[in-house]
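*Asks:* Would you mind keeping the following structure in view while I ask a few things?
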Amino acid sequence: MSVSQKHPYHLVDPSPWPLLGSLGALASTIGGVMYMHSFTGGGTLLSLGLGMILYTMFVWWRDVIRESTYEGHHTFVVQLGLRYGMILFIVSEVMFFLAFFWAFFHSSLAPTVEIGAIWPPKGIDVLNPWGIPFLNTLILLSSGAAVTWAHHAILAGFKKQAVYALVATILLALVFTGFQGMEYVEAPFTISDGIYGSTFFLATGFHGFHVIIGTIFLIICAIRQYLGHFTQTHHFGFEAAAWYRHFVDVVWLFLFVSIYWWGGN
Amino acid sequence: MLRTAGRSLLSRALHRAVVVPQHPAGPPPTAALMSSQRWFNASGFRAGSHAPSGALDEFGIATGVEREELEYQSQGKKRFDLDPPRGPFGTKEAPAIIESNYDERIVGCSGGLGEDEHDVTWFTLEKGQTHECPVCTQVFELKVIGPGGKPGSDEHH
């Protein structure tokens, strides 16, 4: 194609991935409901659907990397649009967590008579916030500092150092996840232990899930940095991952202060 | 794993995809290399991005439209100008010149400066005829700087 485009935007070539993703979402939802109501084939359909969604994510984002790094379609305004998009996505995730925090405060600010009119409810053995939870706070903060180190390394052109910094970021996040997992197994209360269990595990559970997503995103960035995809002036994929990591960090700080610390007294 | 000397298989495969494949006088390219050549050439991959030795120039691995944008910027010019056109108030004797790649362009007039400004009035400015804004009577004329024809007529899809 020898015609040079007159506009700086990226008109994407036709792609099958949105359709595949929708079918995957359909299979996941129907399979999920079937599974939860013990219909035959529910579990299989759910697994198939989740697999389709994961595959869609892989091929779709692989295509974005091809279009940007290898084909050069990401001009300044395209990048700007992606920045807005990522920011808006993170804002929507903040709204998501806001719902769980609302639920927590609704039940904990005015504890009902059924749980003893106190918070934490009567009979709940809370975790000591200054044990593993505080350590996890320091680990996540360090992970956030490491990703900032990686960013500065990329900006300065220290490619190898950037990889090392990303590896440090990822390792710290994995340690956090490991400790949270251990806390989950060892906790004296479960998700079915009343409203305390529900709010605790839903809020921290979704947070942990987002940490894992962010870690995977950073692993992809580490691979791309190793392969030399990022330049000193154009590395938005990395910036998006770093924003996501900082967002997850902020959510944890709120979790620690409200659920672990205030909610434990 | 992080030695710069020996590269992993993945890294070598991807590097081969980025650098413009050469046509050596020796044995013909492998099937895999040829298919990646075809794919990238079909997408308009620019052959001028790298020196034959594989060394990178000042724009690094930038390619395609992004590279064009950077090249123009380094020469002080703009590859894509999204700013609204500015100029003296257009009159019948000296109409405001609006450039277009095609034979017509949609134009919005917001009037003069300060108090003379009005809500944007939209119209289609066509080649060969001037247009007067119904609100402030500013006169516009189209100047075709591209291939001409109806908008989008020279695109392949």
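The values are calculated or read from the model by the stated rules, or taken from the named source; none is laboratory data. Just so you know, these numbers come straight off a predicted model, no measurement behind them. Note: ideal-geometry Cβ built from the backbone for every residue, glycine included; neighbour counts use all protein chains shown. Keep in mind that these areas ignore ligands, DNA and RNA; they rest on the heavy atoms of the full protein, side chains included. Shrake-Rupley method; radii C 1.70, N 1.55, O 1.52, S 1.80 Å.
*Asks:* Within the group A:ALA99, A:ALA110, A:ALA117, A:ALA103, which residue is in contact with a helix residue (DSSP H, G or I) (Cβ under 9 Å, 6 or more places away or on another chain) and in the same structural domain as A:HIS235 (by the TED database)?
*Replies:* A:ALA103
*Asks:* Hey, A:ASN265 hits all of (1) within 14 Å of chain B (Cβ to nearest Cβ); (2) at pLDDT below 95 but one; which does it fall short on?
*Replies:* Just one mismatch for A:ASN265, condition (1).
*Asks:* Quickly run through region B:79-102 and pick out the residues that are within 14 Å of another protein chain (Cβ to nearest Cβ), within 19 Å of B:VAL144 (Cβ to Cβ), not in a strand (DSSP E or B) and not aromatic (Phe, Trp, Tyr).
*Replies:* B:ASP81, B:ASN101
*Asks:* Can you tell me how many residues within region A:104-127 are β-branched (Val, Ile, Thr) and closer than 22 Å to A:PHE206 by Cα?
*Replies:* Result for region A:104-127: 2.
*Asks:* Can you tell me which condition A:THR233 does not meet? The list is (1) touching a residue at least 40 places away in the same chain (Cβ under 8 Å); (2) surrounded by fewer than 16 Cβ atoms within 10 Å (Cβ to Cβ), and all the others hold.
*Replies:* (1)
*Asks:* Which condition number does A:ILE53 fail, the rest of (1) open to solvent by 80 Å² or more (accessible area, probe 1.4 Å); (2) away from chain B (no Cβ under 14 Å) being met?
*Replies:* Evaluating A:ILE53 over (1) open to solvent by 80 Å² or more (accessible area, probe 1.4 Å); (2) away from chain B (no Cβ under 14 Å) leaves (1) as the failure.
*Asks:* Applying the selection to region A:75-106, what residues are of a type outside the set (Phe, Trp, Tyr), part of a helix (DSSP H, G or I) and touching a Pro at 6+ places or on another chain (Cβ under 9 Å)?
*Replies:* A:VAL77, A:VAL78
*Asks:* Further question on the same structure: Just to check your reading of the model, which residue among A:LEU82, A:LEU135, A:LEU141 is touching a residue at least 24 places away in the same chain (Cβ under 8 Å), open to solvent by 50 Å² or more (accessible area, probe 1.4 Å) and within 14 Å of chain B (Cβ to nearest Cβ)?
*Replies:* A:LEU82
*Asks:* Looking at region A:179-186, is at least one residue touching an Asp or Glu at 6+ places or on another chain (Cβ under 8 Å), over 17 Å from A:LEU253 (Cβ atoms) and either of a type in the set (Asp, Glu) or open to solvent by less than 30 Å² (accessible area, probe 1.4 Å) (or both)?
*Replies:* no
*Asks:* Could you tell me which numbered condition A:ARG62 fails, if it satisfies all but one of (1) outside any loop (DSSP other than H, G, I, E, B); (2) surrounded by 14 or more Cβ atoms within 10 Å (Cβ to Cβ); (3) within 14 Å of another protein chain (Cβ to nearest Cβ)?
*Replies:* The one condition A:ARG62 does not meet is (2).
*Asks:* In region A:2-39, which residues are of a type in the set (S, T, N, Q), open to solvent by 60 Å² or more (accessible area, probe 1.4 Å) and not in a loop (DSSP other than H, G, I, E, B)?
*Replies:* A:SER22, A:THR29
*Asks:* For residues that are surrounded by 15 or more Cβ atoms within 10 Å (Cβ to Cβ) and either of a type in the set (A, V, I, L, M) or away from chain A (no Cβ under 14 Å) (or both), tally how many sit in region B:128-157.
*Replies:* 10
*Asks:* Could I ask something else about it? Given the criteria open to solvent by 20 Å² or more (accessible area, probe 1.4 Å), at pLDDT 95 or above and either among the charged types (D, E, K, R) or in a helix (DSSP H, G or I) (or both), does A:ALA146 qualify?
*Replies:* no
*Asks:* Of the residues that make up region B:71-90, is at least one surrounded by 13 or more Cβ atoms within 10 Å (Cβ to Cβ), more than 30 Å from A:GLY228 (Cβ to Cβ) and modelled with pLDDT of 90 or more?
*Replies:* yes
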